[in-house]
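Working notes, structure below.
Each reported figure results from applying straightforward, stated rules to the coordinates on display, with no laboratory input. Treat the numbers as computed from the prediction; the structure is a model and nothing was measured. In this analysis, Cβ positions are derived from the backbone assuming ideal geometry, glycine residues included, and neighbour counts consider all displayed protein chains.
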Amino acid sequence: MSEMTFEKMINQMTPAIYESLKQAVSLRKWPDGRRLTPEQTELCLEAVMRFEVENNVPEESRVGYLEQRTCGAAASGAGVTPEMAGLARDATRD
């Protein structure tokens, strides 16, 4: 697929096509049940991501978005004890 053809496809993509591609990538299957090849998955994911950027989809609605969690402390991690952070004491040093 030439870059110009891919660009044209992105520019003409409707929200319905975007949702269909997003679901296909998530399930690794087309709506009819056929499995996506690795190449198809890569192209669909790129198309979804480009659509999201070009159409200002909110970050929290984008594919791959992960909410930041801080164990109840400030985002800097200040005040988080080693135990809260999951850092256990090294018993081999005793």
Under-5 Å amide H pairs with LYS29, H placed in peptide plane, nonlocal only
LEU36
Arrange the peptides 41-50, 26-35, 6-15 so that the one whose residues have, on average, the most other Cβ atoms within 10 Å appears first.
41-50, 6-15, 26-35
Show me, for segment 38-45, the HN-Hα J-couplings you get by feeding each phi into the Karplus relation (A = 6.51, B = -1.76, C = 1.60, θ = phi - 60°), rounded to Hz, glycine and proline as x.
x, 5, 5, 4, 4, 5, 5, 5
Kirkwood Rh, Cα atoms: Rg over Rh of segment 1-59
0.96
Please report the relative contact order for segment 1-59, taking Cα pairs under 8 Å with a sequence separation of at least 6, and give it as a percent rounded to a whole number.
33
Where labels lie 7 Å past Cα in the beta-carbon direction, separation of GLU19 and PHE6 in nm:
2.7
